Amino acid sequence: MCPVSTLLNSSFTEPAASPALLLLGQGRDLASERGVECVGELPHASDPDLVERARAARAALGDRAFVLGHHYQRDEVIDLADVTGDSFKLAREAAARPDAEFIIFCGVHFMAESADILTSDTQQVVLPDLAAGCSMADMAAINQVEECWDVLEDAGIADVTLPVTYMNSTAAIKAFTGRHGGTVCTSSNAEVALRWAFDQVGGLEGTGKVLFMPDQHLGRNTAVLKLGLDLADCVVFDPRKPNGGLTDAELRDARMILWRGHCSVHGRFSARNVSDVRAAVPDVTVLVHPECTHEVVTGADLVGSTEFIISTLDAAAPGSSWAIGTELNLVRRVAAAHPDKNVHYLDSTVCFCSTMNRIDLPHLVWTMESLVAGRVVNRIVVDADDAHWARVALDQMLALPGL
């Protein structure tokens, strides 16, 4: 048994007026983030023939379909993926398969949007459950970002501010970034992207600014630990407050204007988790994702993207001890792949990505069997104008050194 520590807290109190919960992917709740109805019945998760049905449908689709599996997916979904990776790698893999009629993206909504932007018009990108969103991406709505830009214009700093958006953002936010001359970044190349952005507005020694969306922690950690800026150079723009909760003077003095967004998974880790695991595990190396808070990142030994975490464990010495701060599906898979190493989960409680986990085997089977029957379900199509400007921002990222 791999030594990944988890604890499920099942205590839950439902408000008296709460509506009945909908089964995943079935029914529509207009008050929710995204509602979706599946045409036809989803297979039961307990169906003993479910895995065989999945394999049969995948075989029937053959080269017509290409299945992408994000690292945070469940094992039974990963088992059916043609390729696994992080969001950017998977979008590029989709673009590199022009002969595939269907791109089945086992990830979340913004990832499927990126794949639609980067693939040809003859290809169709499908998301097995449209309710598989990303809480971080949804923390930056396009109307909020446009209102933020109005605030920057009123403060007289929009002309010296360049937007940089994390890959974990909607197509509309990527398009906004492209329209304003900015770029997209990943957790792997955030430093390179930010250095490029500051160069466009006078350099790191000047007075130009970057509007970084939607994850404040990746922006802050990169600016302070990689670019040498101070914490005082960073301010957080809260779209729920007038003027973002900032004075014009605070905006003018800032170098990094960070959107008030975060990852619900990585935001759970705390400095206490780091100190506790160091006390409990001798000679442990703490390895965390840069979406964690600044206190966690500065308390860790190593910080890096999902791909960095995987490659670091691949190269680690047998018998070494590791505490990893990222999504639990990935940590468990890494631990299982390295039984000769002591892999611990940084938190003491369950930390799955709940929206990513909406892509389960029943939804994937339903999607593939529908395609076999000639029904294209849950197709992701990005508005043509948004797709154009998002592609401009993505192409700018691809032009950066190191990609």
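Return the ratio Rg/(2.2 N^0.38 Å) for the range 137-263, where Rg is computed over Cα atoms only.
0.92
How large is the charge dipole for the chain, taken about the Cα centre, if only the Cβ atoms of Lys, Arg (+1) and Asp, Glu (-1) carry charge, to the nearest 20 debye?
On the way: 31 positive and 54 negative charges, 98 e Å.
With Lys and Arg at +1 and Asp and Glu at -1, about 480 debye.
Report the paramagnetic label zone for residue 395: residues of the range 107-145 whose backbone N is under 20 Å from a point 7 Å from Cα along the Cα-to-Cβ axis.
It comes to 113-123, nothing else.
Any idea how far the Cα center of the range 168-184 sits from the one of the range 289-360, in Å?
29
For the range 70-82, in order, what is each residue's ³J(HN,Hα) by Karplus, 6.51 cos²θ - 1.76 cosθ + 1.60 with θ = phi - 60°, in whole Hz (x at glycine and Pro)?
Along the range 70-82, the couplings run 5, 4, 8, 6, 5, 4, 5, 7, 4, 4, 9, 7, 6 Hz.
How far is it, in nm, from the label point at residue 336 to the one at residue 92 when both lie 7 Å from their Cα along the line to the Cβ?
Inter-label distance under the simple model: 2.7 nm.
By the gyration tensor of its Cα atoms, with a ≥ b ≥ c the square roots of the eigenvalues, what is the shape of the chain: rounded for a/c under 1.5, prolate for a/b over b/c, or oblate?
oblate
How much of the DSSP beta bridge set in the chain is antiparallel, as a percent to the nearest 5?
Counting DSSP beta bridges with both partners in the chain, the antiparallel share is about 5 percent.
Put a dot 7 Å past each Cα toward the Cβ at residue 153 and residue 49; how far apart are the dots in nm?
6.1
For a label point 7 Å from the Cα of residue 307 along Cα→C-beta, name the residues of the range 111-132 whose backbone N is under 16 Å from it.
Within reach of a label on residue 307: 115.
Stretched out fully, how many nm does the piece from residue 75 to residue 280 gain, at 0.36 nm a residue minus the Cα gap?
Using 0.36 nm per residue and subtracting the Cα-Cα distance, I get 70.9 nm.
Taking 0.36 nm per intervening residue step and subtracting the Cα-Cα distance, what contour gain separates residue 379 from residue 349 on full extension?
Length gained, residue 379 through residue 349: 7.3 nm.
If packing is taken as the mean number of other Cβ atoms within 10 Å per residue, what is the order of 50-63, 384-397, highest first?
384-397, 50-63
Net charge around residue 64, counting only other residues with Cβ within less than 10 Å of its Cβ (Lys, Arg = +1; Asp, Glu = -1)?
On the way: positive: none; negative: 63, 99, 101.
Net charge in that neighbourhood comes out at -3.
Restricting to DSSP H runs of at least four residues, report the calculated mean residue ellipticity at 222 nm for the chain, -39500 (n - 2.57) per run over all residues, nearest 500 deg cm²/dmol.
Only helices count here, giving -10500 deg cm²/dmol.
Provide the packing ranking of 281-289, 315-323, i.e. peptides ordered by the mean count of other C-beta atoms within 10 Å per residue, highest first.
281-289, 315-323
Order the peptides 250-259, 92-101 from the highest to the lowest mean number of other Cβ atoms within 10 Å of their residues.
Going from most to least packed, we get 250-259, 92-101.
Tell me the net charge near residue 374. Cut-off is 13 Å between Cβ atoms, residue 374 excluded, with +1 for each Lys or Arg and -1 for each Asp or Glu.
0
Tell me the relative contact order for the chain as a rounded percent, counting alpha carbon contacts under 8 Å between residues six or more apart.
RCO, the chain: 23 percent.
What spacing in nm lies between the two simple spin-label points modelled at residue 317 and residue 63, each 7 Å away from Cα in the Cβ direction?
Label at residue 317, label at residue 63, 4.8 nm between them.
A short reminder: the numbers here are calculations on the coordinates, not readings from a lab. What you see is a predicted model; the values in this text were computed from it and never measured. In this analysis, Cβ positions are derived from the backbone assuming ideal geometry, glycine residues included, and neighbour counts consider all displayed protein chains.
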